[in-house]
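What follows is a short report on a single structure.
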C-alpha cells in the first residue's frame, strides 16, 4: 500500500487544477496498466476531514459515498474514498 501521496496545486486555489491533474493521472495510469494486461484496479484515497479541497476532488473523481475512518499515519479523522477503475 502506498502512503503519503501529497499533491500541491501550482496555481490559484479553486481553479479546478486538482480535478484536471488527478483525472489526467488516473487516465494515464489506466492506459499504462491496460498496455500490460490489467483489466481493472482500485484507487483509494484517505483524506483528513479538514482537507475540504481534496475531499471535493475525491468526491468528483472517486466516490460520492466515502467511509469515515481514522488515518493510520496521522491518527486523525478521515474519509476513505474507493473506486474500481476499468481499463
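For segment 42-52, the set of residues classified as exposed (fewer than 15 other Cβ atoms within 10 Å of the Cβ) and closer than 21 Å to residue 27 by Cβ consists of 42, 44, listed by residue number. I need the full set of residues from segment 36-55 which are assigned to a loop (DSSP other than H, G, I, E, B) and closer than 19 Å to residue 19 by Cα, in order please. Passing the criteria: 49, 50, 51.
Confirm whether residue 18 is touching a helix residue (DSSP H, G or I) at 6+ places or on another chain (Cβ under 6 Å), exposed (fewer than 13 other Cβ atoms within 10 Å of the Cβ) and either modelled with pLDDT under 95 or not in a strand (DSSP E or B) (or both).
Working: touching a helix residue (DSSP H, G or I) at 6+ places or on another chain (Cβ under 6 Å): yes; exposed (fewer than 13 other Cβ atoms within 10 Å of the Cβ): no; either modelled with pLDDT under 95 or not in a strand (DSSP E or B) (or both): yes.
Here the answer is no, as residue 18 does not meet what is asked.
Put simply, of 33, 29 the only residue that is in contact with a strand residue (DSSP E or B) (Cβ under 7 Å, 6 or more places away or on another chain) and either more than 26 Å from residue 67 (Cβ to Cβ) or in a helix (DSSP H, G or I) (or both) is 33. Pick from segment 56-87 the residues that are within 16 Å of residue 21 (Cβ to Cβ) and in contact with a strand residue (DSSP E or B) (Cβ under 7 Å, 6 or more places away or on another chain): which of them is surrounded by the most Cβ atoms within 10 Å (Cβ to Cβ)? Ranking the qualifying residues of segment 56-87, first place goes to 58.
The values are calculated or read from the model by the stated rules, or taken from the named source; none is laboratory data. The structure presented is a predicted model; accordingly, all values stated were derived computationally and were not measured. Heads up, the Cβs are rebuilt from the backbone with ideal geometry, glycines too, and the neighbour counts pull from every protein chain shown.
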